[in-house]
Amino acid sequence: MASCAGLALCGQALVVRGGSRFLATSTASRDVQRLAVPRAPGTRGITLDRTLDSDDDVPFTYDCSTAEKKSQENKGEDGQPVEKGSDTILASAFSKSGGYFALTDDSKRLILFRTKPWQCLSVRTVVRRCTALTFTASEEKLLVADKSGDVYSFSVSDPQGCGRLELGHLSMLLDVAVSPDDRYVLTADRDEKIRVSWAAAPHSIESFCLGHAEFVSRILVLPDHPELLLSSSGDCTLRLWEYRSGRELHCCHLTSLREPEEPWGDKRSAASRIAYWGQESCVALLCDCIPVVYIFQLDARRQQLAYRQQLAFQHRVWDVAFEEGRGLWVLQDCREAPLVLCRPVGGRWQAVPENAALEKVSAHLQGNWAMLEGLAGVDAGFSGLYKATFDNVTAYLRKKEERLQKRRQQNPPPGPNGQAKKMKPEEASLRCSS
(Lines give C-alpha, C1' and ligand atoms only; values in the text may rest on other atoms or scores of the structure.)
Protein backbone atom coordinates (compact mmCIF):
# COMPACT_ATOMS: atom_id res chain seq x y z
CA MET A 1 0.00 0.00 0.00
CA ALA A 2 1.08 3.55 -0.54
CA SER A 3 2.51 5.46 2.34
CA CYS A 4 2.24 9.22 2.66
CA ALA A 5 6.03 9.61 2.95
CA GLY A 6 8.93 7.22 2.51
CA LEU A 7 12.63 6.75 3.19
CA ALA A 8 15.05 4.62 1.17
CA LEU A 9 18.76 3.95 1.78
CA CYS A 10 21.41 2.08 -0.18
CA GLY A 11 25.04 2.56 0.73
CA GLN A 12 25.32 6.29 1.39
CA ALA A 13 22.53 7.24 -1.02
CA LEU A 14 19.40 8.44 0.77
CA VAL A 15 16.01 9.25 -0.75
CA VAL A 16 13.05 10.89 0.97
CA ARG A 17 9.75 11.00 -0.89
CA GLY A 18 6.53 12.83 -0.19
CA GLY A 19 3.54 13.45 -2.41
CA SER A 20 4.66 13.61 -6.03
CA ARG A 21 8.27 14.58 -5.25
CA PHE A 22 11.43 13.04 -3.88
CA LEU A 23 14.80 14.32 -2.75
CA ALA A 24 18.02 12.34 -3.11
CA THR A 25 21.23 13.12 -1.28
CA SER A 26 24.22 11.43 0.33
CA THR A 27 24.87 10.67 3.99
CA ALA A 28 28.63 11.08 3.45
CA SER A 29 30.14 13.84 5.55
CA ARG A 30 31.79 16.78 3.87
CA ASP A 31 35.48 16.28 3.11
CA VAL A 32 37.89 18.56 4.87
CA GLN A 33 41.17 19.44 3.23
CA ARG A 34 44.04 20.72 5.35
CA LEU A 35 46.13 23.41 3.61
CA ALA A 36 49.60 24.43 4.72
CA VAL A 37 50.33 28.13 4.24
CA PRO A 38 54.05 28.85 3.59
CA ARG A 39 55.62 30.84 6.34
CA ALA A 40 57.52 34.05 5.89
CA PRO A 41 61.08 34.25 7.08
CA GLY A 42 61.19 34.52 10.83
CA THR A 43 57.53 33.50 11.34
CA ARG A 44 55.70 30.25 12.10
CA GLY A 45 53.68 28.56 9.38
CA ILE A 46 49.95 28.03 9.74
CA THR A 47 47.45 25.46 8.46
CA LEU A 48 43.89 26.06 7.30
CA ASP A 49 40.99 23.63 7.06
CA ARG A 50 38.84 24.00 3.96
CA THR A 51 35.54 22.20 3.34
CA LEU A 52 35.39 20.64 -0.08
CA ASP A 53 31.99 20.90 -1.77
CA SER A 54 31.24 17.80 -3.82
CA ASP A 55 28.36 16.87 -6.09
CA ASP A 56 26.98 14.65 -3.31
CA ASP A 57 26.28 17.76 -1.22
CA VAL A 58 23.91 19.09 -3.90
CA PRO A 59 20.57 17.22 -3.55
CA PHE A 60 18.75 15.86 -6.57
CA THR A 61 15.02 16.57 -6.64
CA TYR A 62 12.34 15.24 -8.95
CA ASP A 63 8.63 15.97 -9.33
CA CYS A 64 6.44 13.33 -10.96
CA SER A 65 3.94 15.99 -12.00
CA THR A 66 6.51 17.17 -14.55
CA ALA A 67 7.16 13.68 -15.91
CA GLU A 68 6.17 12.63 -19.40
CA LYS A 69 2.52 11.73 -19.80
CA LYS A 70 1.41 9.36 -22.54
CA SER A 71 -1.20 10.76 -24.90
CA GLN A 72 -3.97 8.23 -24.45
CA GLU A 73 -7.63 8.34 -23.69
CA ASN A 74 -8.34 7.77 -20.03
CA LYS A 75 -11.43 5.62 -20.38
CA GLY A 76 -12.49 2.61 -18.38
CA GLU A 77 -13.96 -0.64 -19.58
CA ASP A 78 -17.40 0.93 -19.76
CA GLY A 79 -16.13 3.73 -21.99
CA GLN A 80 -16.55 6.38 -19.28
CA PRO A 81 -13.65 8.64 -18.31
CA VAL A 82 -11.70 7.42 -15.30
CA GLU A 83 -10.28 9.57 -12.54
CA LYS A 84 -6.84 10.95 -13.29
CA GLY A 85 -4.03 10.35 -10.84
CA SER A 86 -2.51 12.99 -8.60
CA ASP A 87 1.07 11.88 -9.44
CA THR A 88 1.57 10.75 -5.83
CA ILE A 89 4.45 8.31 -5.47
CA LEU A 90 3.10 4.91 -4.36
CA ALA A 91 6.27 2.82 -4.05
CA SER A 92 10.01 3.12 -4.65
CA ALA A 93 13.15 1.01 -4.36
CA PHE A 94 16.92 0.98 -4.92
CA SER A 95 18.69 -1.76 -6.82
CA LYS A 96 21.11 -3.96 -4.86
CA SER A 97 24.19 -1.99 -5.89
CA GLY A 98 22.44 1.35 -5.53
CA GLY A 99 23.12 2.15 -9.18
CA TYR A 100 19.42 2.33 -10.04
CA PHE A 101 16.32 3.74 -8.39
CA ALA A 102 12.71 3.24 -9.50
CA LEU A 103 9.30 4.51 -8.45
CA THR A 104 5.65 4.18 -9.42
CA ASP A 105 2.93 6.80 -9.02
CA ASP A 106 -0.85 6.80 -9.05
CA SER A 107 -0.84 8.08 -12.62
CA LYS A 108 0.19 4.54 -13.60
CA ARG A 109 3.78 5.33 -14.49
CA LEU A 110 7.01 3.49 -13.77
CA ILE A 111 10.01 5.84 -13.69
CA LEU A 112 13.58 4.51 -13.74
CA PHE A 113 16.66 6.50 -12.66
CA ARG A 114 20.39 6.05 -12.78
CA THR A 115 21.93 7.28 -9.52
CA LYS A 116 25.60 7.86 -10.42
CA PRO A 117 24.98 10.59 -11.43
CA TRP A 118 21.23 10.99 -10.98
CA GLN A 119 19.44 10.85 -14.30
CA CYS A 120 15.95 9.85 -15.40
CA LEU A 121 16.27 6.96 -17.87
CA SER A 122 12.67 6.23 -18.77
CA VAL A 123 9.01 6.83 -18.03
CA ARG A 124 6.88 3.77 -18.78
CA THR A 125 3.18 3.05 -18.36
CA VAL A 126 1.86 0.24 -16.16
CA VAL A 127 -1.53 -1.43 -16.54
CA ARG A 128 -2.84 -0.68 -13.05
CA ARG A 129 -1.79 1.28 -9.99
CA CYS A 130 1.06 -0.48 -8.25
CA THR A 131 1.52 -1.35 -4.59
CA ALA A 132 5.16 -2.51 -4.46
CA LEU A 133 8.24 -2.97 -6.61
CA THR A 134 11.71 -4.51 -6.37
CA PHE A 135 14.78 -5.13 -8.48
CA THR A 136 16.14 -8.59 -9.12
CA ALA A 137 19.55 -9.27 -7.56
CA SER A 138 21.16 -9.26 -11.00
CA GLU A 139 19.57 -5.85 -11.67
CA GLU A 140 18.37 -7.09 -15.06
CA LYS A 141 14.66 -6.79 -14.25
CA LEU A 142 12.30 -4.68 -12.22
CA LEU A 143 9.28 -6.49 -10.73
CA VAL A 144 6.12 -4.48 -10.14
CA ALA A 145 3.09 -5.74 -8.15
CA ASP A 146 -0.31 -4.11 -8.62
CA LYS A 147 -3.70 -3.91 -6.93
CA SER A 148 -5.29 -6.57 -9.15
CA GLY A 149 -2.81 -9.24 -8.01
CA ASP A 150 -0.50 -9.29 -11.05
CA VAL A 151 3.29 -9.03 -11.18
CA TYR A 152 4.91 -7.52 -14.27
CA SER A 153 8.61 -7.48 -15.13
CA PHE A 154 10.33 -4.58 -16.86
CA SER A 155 13.80 -4.62 -18.37
CA VAL A 156 16.46 -2.41 -16.77
CA SER A 157 18.98 -2.66 -19.62
CA ASP A 158 16.25 -1.70 -22.11
CA PRO A 159 14.64 1.29 -20.35
CA GLN A 160 11.96 1.69 -23.02
CA GLY A 161 10.88 -1.96 -23.09
CA CYS A 162 7.30 -2.88 -22.33
CA GLY A 163 6.27 -4.88 -19.29
CA ARG A 164 5.71 -8.63 -19.30
CA LEU A 165 3.14 -10.42 -17.15
CA GLU A 166 4.95 -12.90 -14.88
CA LEU A 167 2.33 -14.20 -12.45
CA GLY A 168 -1.12 -13.45 -11.09
CA HIS A 169 -3.19 -13.75 -7.91
CA LEU A 170 -6.87 -13.65 -7.06
CA SER A 171 -6.43 -10.84 -4.52
CA MET A 172 -4.55 -7.59 -4.11
CA LEU A 173 -0.78 -7.79 -3.71
CA LEU A 174 0.79 -5.75 -0.94
CA ASP A 175 4.49 -6.61 -1.33
CA VAL A 176 6.93 -8.45 -3.58
CA ALA A 177 10.47 -9.72 -2.94
CA VAL A 178 13.14 -11.74 -4.71
CA SER A 179 15.53 -14.29 -3.20
CA PRO A 180 19.22 -13.22 -3.23
CA ASP A 181 20.00 -15.83 -5.90
CA ASP A 182 17.07 -14.71 -8.11
CA ARG A 183 15.58 -18.22 -8.04
CA TYR A 184 12.32 -17.34 -6.28
CA VAL A 185 9.75 -14.57 -6.40
CA LEU A 186 7.87 -14.04 -3.14
CA THR A 187 4.53 -12.25 -3.02
CA ALA A 188 2.30 -11.16 -0.13
CA ASP A 189 -1.42 -10.68 -0.67
CA ARG A 190 -4.53 -9.50 1.09
CA ASP A 191 -5.78 -13.05 1.60
CA GLU A 192 -3.25 -13.87 4.35
CA LYS A 193 -0.92 -15.80 2.04
CA ILE A 194 2.76 -15.64 1.10
CA ARG A 195 3.47 -17.41 -2.17
CA VAL A 196 6.92 -18.61 -3.21
CA SER A 197 7.16 -19.07 -7.00
CA TRP A 198 9.96 -20.08 -9.31
CA ALA A 199 11.36 -17.02 -11.09
CA ALA A 200 12.19 -18.99 -14.23
CA ALA A 201 8.71 -20.54 -14.33
CA PRO A 202 6.36 -18.38 -12.22
CA HIS A 203 3.45 -20.76 -12.76
CA SER A 204 5.37 -23.32 -10.67
CA ILE A 205 4.78 -22.69 -6.97
CA GLU A 206 7.48 -23.87 -4.57
CA SER A 207 5.50 -23.33 -1.36
CA PHE A 208 3.01 -21.24 0.58
CA CYS A 209 3.77 -19.64 3.95
CA LEU A 210 0.45 -19.90 5.78
CA GLY A 211 -0.37 -18.80 9.32
CA HIS A 212 -1.28 -15.12 9.28
CA ALA A 213 -4.88 -14.34 10.21
CA GLU A 214 -5.05 -11.03 8.31
CA PHE A 215 -3.53 -9.49 5.20
CA VAL A 216 0.28 -9.75 4.87
CA SER A 217 1.56 -6.18 4.77
CA ARG A 218 5.34 -6.60 4.38
CA ILE A 219 7.88 -9.33 3.57
CA LEU A 220 11.69 -9.23 3.66
CA VAL A 221 14.24 -11.89 2.68
CA LEU A 222 17.30 -11.56 4.92
CA PRO A 223 20.36 -10.88 2.73
CA ASP A 224 22.89 -12.63 4.99
CA HIS A 225 20.52 -15.54 5.71
CA PRO A 226 18.96 -16.09 2.27
CA GLU A 227 16.86 -19.03 3.44
CA LEU A 228 14.96 -16.90 6.00
CA LEU A 229 11.98 -14.61 5.49
CA LEU A 230 10.39 -12.01 7.76
CA SER A 231 6.73 -11.10 7.38
CA SER A 232 4.25 -8.80 9.10
CA SER A 233 0.48 -8.70 9.00
CA GLY A 234 -2.67 -6.97 10.11
CA ASP A 235 -2.94 -9.64 12.82
CA CYS A 236 -0.22 -7.72 14.76
CA THR A 237 2.45 -10.40 14.41
CA LEU A 238 6.01 -10.56 13.11
CA ARG A 239 6.88 -14.03 11.81
CA LEU A 240 10.09 -15.78 10.77
CA TRP A 241 9.91 -18.41 8.01
CA GLU A 242 11.98 -20.95 6.19
CA TYR A 243 10.20 -19.97 3.03
CA ARG A 244 11.25 -22.76 0.66
CA SER A 245 9.42 -25.30 2.80
CA GLY A 246 6.78 -22.85 4.03
CA ARG A 247 7.68 -23.67 7.65
CA GLU A 248 7.06 -21.07 10.33
CA LEU A 249 10.02 -20.79 12.71
CA HIS A 250 8.97 -18.10 15.15
CA CYS A 251 6.07 -15.72 15.83
CA CYS A 252 6.12 -12.48 17.86
CA HIS A 253 2.79 -11.01 18.97
CA LEU A 254 3.14 -7.23 19.04
CA THR A 255 0.09 -6.73 21.25
CA SER A 256 1.94 -8.42 24.12
CA LEU A 257 4.72 -5.81 23.85
CA ARG A 258 2.46 -2.80 24.34
CA GLU A 259 1.82 -1.14 27.66
CA PRO A 260 -1.83 -0.84 28.78
CA GLU A 261 -1.49 2.89 29.48
CA GLU A 262 -0.32 3.63 25.94
CA PRO A 263 -3.00 5.44 23.89
CA TRP A 264 -2.55 2.91 21.08
CA GLY A 265 -2.42 -0.10 23.41
CA ASP A 266 -5.61 -1.69 22.08
CA LYS A 267 -5.36 -0.38 18.51
CA ARG A 268 -4.82 -2.93 15.78
CA SER A 269 -2.07 -2.01 13.36
CA ALA A 270 0.01 -3.55 10.61
CA ALA A 271 3.71 -3.08 10.00
CA SER A 272 4.43 -0.52 7.31
CA ARG A 273 8.17 -1.26 7.27
CA ILE A 274 10.54 -4.11 8.16
CA ALA A 275 14.20 -3.07 8.16
CA TYR A 276 17.20 -5.32 8.78
CA TRP A 277 20.74 -4.43 9.89
CA GLY A 278 23.15 -7.23 9.09
CA GLN A 279 25.99 -5.71 11.12
CA GLU A 280 24.17 -6.35 14.42
CA SER A 281 21.48 -8.81 13.19
CA CYS A 282 18.84 -6.30 14.26
CA VAL A 283 15.29 -5.99 12.95
CA ALA A 284 13.36 -2.71 13.16
CA LEU A 285 9.58 -2.85 12.83
CA LEU A 286 7.45 0.24 12.23
CA CYS A 287 3.70 -0.10 12.66
CA ASP A 288 1.11 1.90 10.81
CA CYS A 289 0.19 5.23 12.51
CA ILE A 290 2.00 4.40 15.78
CA PRO A 291 5.01 6.56 16.83
CA VAL A 292 6.98 3.55 18.05
CA VAL A 293 9.73 1.47 16.44
CA TYR A 294 10.18 -2.08 17.79
CA ILE A 295 13.71 -3.50 17.87
CA PHE A 296 14.31 -7.27 17.67
CA GLN A 297 17.48 -9.37 17.65
CA LEU A 298 17.76 -12.25 15.21
CA ASP A 299 19.29 -15.47 16.52
CA ALA A 300 19.93 -17.25 13.24
CA ARG A 301 21.39 -20.34 14.91
CA ARG A 302 18.30 -20.92 17.04
CA GLN A 303 16.05 -19.44 14.33
CA GLN A 304 14.29 -17.09 16.71
CA LEU A 305 13.57 -13.41 17.20
CA ALA A 306 14.22 -11.82 20.58
CA TYR A 307 12.49 -8.58 21.51
CA ARG A 308 14.96 -5.94 22.75
CA GLN A 309 13.24 -2.57 23.16
CA GLN A 310 10.93 -0.02 21.64
CA LEU A 311 11.87 3.48 20.54
CA ALA A 312 9.11 6.03 21.21
CA PHE A 313 8.92 9.35 19.39
CA GLN A 314 7.02 12.58 19.99
CA HIS A 315 5.90 12.90 16.37
CA ARG A 316 4.39 10.60 13.78
CA VAL A 317 7.01 8.29 12.28
CA TRP A 318 6.75 7.97 8.51
CA ASP A 319 9.50 5.47 7.74
CA VAL A 320 12.75 3.88 8.95
CA ALA A 321 15.85 2.47 7.24
CA PHE A 322 19.23 1.10 8.35
CA GLU A 323 22.57 2.31 7.05
CA GLU A 324 25.45 -0.10 7.47
CA GLY A 325 28.09 1.32 9.77
CA ARG A 326 25.93 4.21 10.93
CA GLY A 327 22.64 3.04 12.45
CA LEU A 328 18.88 3.50 12.09
CA TRP A 329 17.49 6.53 10.27
CA VAL A 330 13.98 7.60 11.31
CA LEU A 331 11.86 9.96 9.20
CA GLN A 332 9.28 11.82 11.30
CA ASP A 333 6.69 14.56 10.93
CA CYS A 334 8.73 17.38 12.47
CA ARG A 335 10.22 20.22 10.45
CA GLU A 336 12.71 21.16 13.18
CA ALA A 337 14.06 17.60 13.32
CA PRO A 338 12.79 15.66 10.27
CA LEU A 339 15.37 12.89 10.73
CA VAL A 340 16.60 11.06 13.81
CA LEU A 341 19.67 8.82 13.79
CA CYS A 342 19.69 6.03 16.39
CA ARG A 343 22.56 3.76 17.42
CA PRO A 344 23.10 1.06 20.04
CA VAL A 345 25.00 2.42 23.03
CA GLY A 346 25.75 0.03 25.87
CA GLY A 347 23.27 -2.47 24.51
CA ARG A 348 20.43 0.08 24.30
CA TRP A 349 19.32 1.99 21.22
CA GLN A 350 19.21 5.74 21.57
CA ALA A 351 19.19 8.87 19.41
CA VAL A 352 22.53 10.38 18.39
CA PRO A 353 22.61 13.99 19.70
CA GLU A 354 24.96 15.49 17.11
CA ASN A 355 26.15 14.18 13.79
CA ALA A 356 27.52 15.94 10.71
CA ALA A 357 25.68 13.69 8.25
CA LEU A 358 22.42 14.08 10.17
CA GLU A 359 22.72 17.86 10.18
CA LYS A 360 23.48 17.98 6.46
CA VAL A 361 20.59 15.76 5.36
CA SER A 362 18.17 17.46 7.77
CA ALA A 363 19.12 20.83 6.31
CA HIS A 364 18.29 19.58 2.83
CA LEU A 365 14.89 18.34 4.00
CA GLN A 366 14.11 21.57 5.82
CA GLY A 367 14.84 23.48 2.63
CA ASN A 368 12.43 21.19 0.71
CA TRP A 369 9.82 20.74 3.43
CA ALA A 370 7.01 21.71 1.06
CA MET A 371 6.88 18.13 -0.28
CA LEU A 372 6.14 16.81 3.23
CA GLU A 373 4.18 19.69 4.67
CA GLY A 374 0.71 18.61 3.61
CA LEU A 375 1.08 14.98 4.71
CA ALA A 376 0.42 15.42 8.44
CA GLY A 377 -3.24 14.42 8.28
CA VAL A 378 -3.00 11.97 5.40
CA ASP A 379 -3.99 8.42 6.30
CA ALA A 380 -2.62 6.09 3.63
CA GLY A 381 -2.33 3.00 5.78
CA PHE A 382 -3.96 -0.42 5.91
CA SER A 383 -7.17 0.43 7.77
CA GLY A 384 -9.35 -0.46 4.79
CA LEU A 385 -7.89 -3.95 4.36
CA TYR A 386 -9.06 -5.62 7.55
CA LYS A 387 -11.76 -8.28 7.39
CA ALA A 388 -15.23 -6.86 7.79
CA THR A 389 -17.56 -8.71 10.20
CA PHE A 390 -21.31 -8.66 9.67
CA ASP A 391 -23.72 -9.59 12.49
CA ASN A 392 -26.93 -10.11 10.51
CA VAL A 393 -28.39 -12.51 13.12
CA THR A 394 -28.98 -9.70 15.62
CA ALA A 395 -30.68 -7.59 12.97
CA TYR A 396 -32.85 -10.56 11.95
CA LEU A 397 -33.99 -11.23 15.52
CA ARG A 398 -34.78 -7.56 16.07
CA LYS A 399 -36.92 -7.36 12.94
CA LYS A 400 -38.65 -10.61 13.84
CA GLU A 401 -39.59 -9.23 17.26
CA GLU A 402 -40.94 -6.06 15.64
CA ARG A 403 -43.14 -8.15 13.34
CA LEU A 404 -44.48 -10.18 16.28
CA GLN A 405 -45.28 -7.05 18.26
CA LYS A 406 -47.16 -5.59 15.32
CA ARG A 407 -49.11 -8.83 14.85
CA ARG A 408 -50.10 -8.89 18.54
CA GLN A 409 -51.44 -5.37 18.28
CA GLN A 410 -53.52 -6.21 15.22
CA ASN A 411 -54.89 -9.49 16.68
CA PRO A 412 -56.00 -9.17 20.35
CA PRO A 413 -55.61 -12.18 22.65
CA PRO A 414 -58.49 -14.81 22.72
CA GLY A 415 -61.50 -14.40 25.03
CA PRO A 416 -62.83 -16.83 27.72
CA ASN A 417 -64.21 -19.27 25.14
CA GLY A 418 -60.84 -19.56 23.46
CA GLN A 419 -61.64 -17.29 20.51
CA ALA A 420 -61.20 -13.61 20.19
CA LYS A 421 -64.62 -11.94 20.06
CA LYS A 422 -64.96 -9.40 17.30
CA MET A 423 -67.39 -6.54 17.99
CA LYS A 424 -69.73 -5.34 15.34
CA PRO A 425 -69.61 -1.64 14.51
CA GLU A 426 -73.17 -0.99 15.83
CA GLU A 427 -72.32 -2.71 19.13
CA ALA A 428 -69.26 -0.59 19.53
CA SER A 429 -71.31 2.61 18.97
CA LEU A 430 -73.99 1.51 21.52
CA ARG A 431 -71.37 0.81 24.18
CA CYS A 432 -69.78 4.18 23.63
CA SER A 433 -73.20 5.98 23.88
CA SER A 434 -74.08 4.18 27.13
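The values are calculated or read from the model by the stated rules, or taken from the named source; none is laboratory data. Computed from a predicted model, the values in this text were never measured in an experiment. Note that each Cβ is placed from the backbone with ideal geometry, even for glycine, and that neighbours are counted across all protein chains shown. These area figures cover heavy atoms from the full protein model, side chains too; ligands, DNA and RNA do not enter into them. Shrake-Rupley method; radii C 1.70, N 1.55, O 1.52, S 1.80 Å.
Do the alpha carbons of any pairs in LYS84/LYS387; LYS96/LYS141; LYS108/LYS147; LYS96/LYS193; LYS84/LYS141 sit beyond 22 Å of each other, and which pairs? If you can, show how the numbers build up before the last one.
Values: LYS84/LYS387 29 Å; LYS96/LYS141 12 Å; LYS108/LYS147 11 Å; LYS96/LYS193 26 Å; LYS84/LYS141 28 Å.
Long pairs (Cα-Cα over 22 Å): LYS84/LYS387; LYS96/LYS193; LYS84/LYS141.
Quick one: net charge of ASP158's neighbours, Cβ under 11 Å, K/R +1, D/E -1?
Numbers: positive: ARG124, LYS141; negative: GLU140.
In short, +1.
What does the charge count around SER107 come to, taking other residues whose C-beta lies under 9 Å from its C-beta (Lys +1, Arg +1, Asp -1, Glu -1)? Mind dumping the intermediate values first?
Working: positive: LYS69, LYS84, LYS108, ARG109, ARG129; negative: ASP87, ASP105, ASP106.
With Lys, Arg at +1 and Asp, Glu at -1, the neighbours total +2.
What part of the accessible area of the range 129-376, given as a whole %, is carbon or sulfur when the probe is 1.4 angstrom?
Numbers: 4790 of 10260 Å².
It is 47 percent, rounded to a whole number.
What nm value, rounded to one decimal, do you get for the distance between VAL345 and LEU404 when each label is placed 7 Å out toward the C-beta?
Calculated label separation equals 7.0 nm.
Could you estimate the translational diffusion coefficient of the range 129-376 from the Stokes-Einstein equation, with Rh from the Kirkwood formula over C-alpha pairs, at 4 °C and 1.567 mPa s, in whole µm²/s? Spell out each step's value before the answer.
Working: Rh = 19.2 Å.
Estimated via Stokes-Einstein, D reaches 67 µm²/s.
Between TYR307 and ARG247, what FRET efficiency follows from the Cβ-Cβ distance if R0 is 22 Å, with the result rounded to 0.05?
On the way: r = 22 Å, r/R0 = 0.98.
Computed FRET efficiency for TYR307 and ARG247 comes out at 0.55.
Calculated FRET efficiency, LEU165 and ALA300, Cβ-Cβ r, R0 51 Å, to nearest 0.05? Display every interim value, and only then the final one.
On the way: r = 36 Å, r/R0 = 0.70.
Efficiency computed from Cβ-Cβ geometry: 0.90.
Would you tally the net charge around VAL176, using a Cβ to Cβ cut-off of less than 11 Å, leaving VAL176 out, and scoring K and R as +1, D and E as -1? Mind showing how you got there, number by number?
Details: positive: ARG195, ARG218; negative: ASP146, ASP150, GLU166, ASP175, ASP189.
Cβ neighbours under 11 Å give a net charge of -3.
Compute the relative contact order of the range 129-376 as a whole-number percentage, counting only Cα pairs closer than 8 Å that sit 6 or more residues apart in sequence.
So the answer I get is 8 percent.
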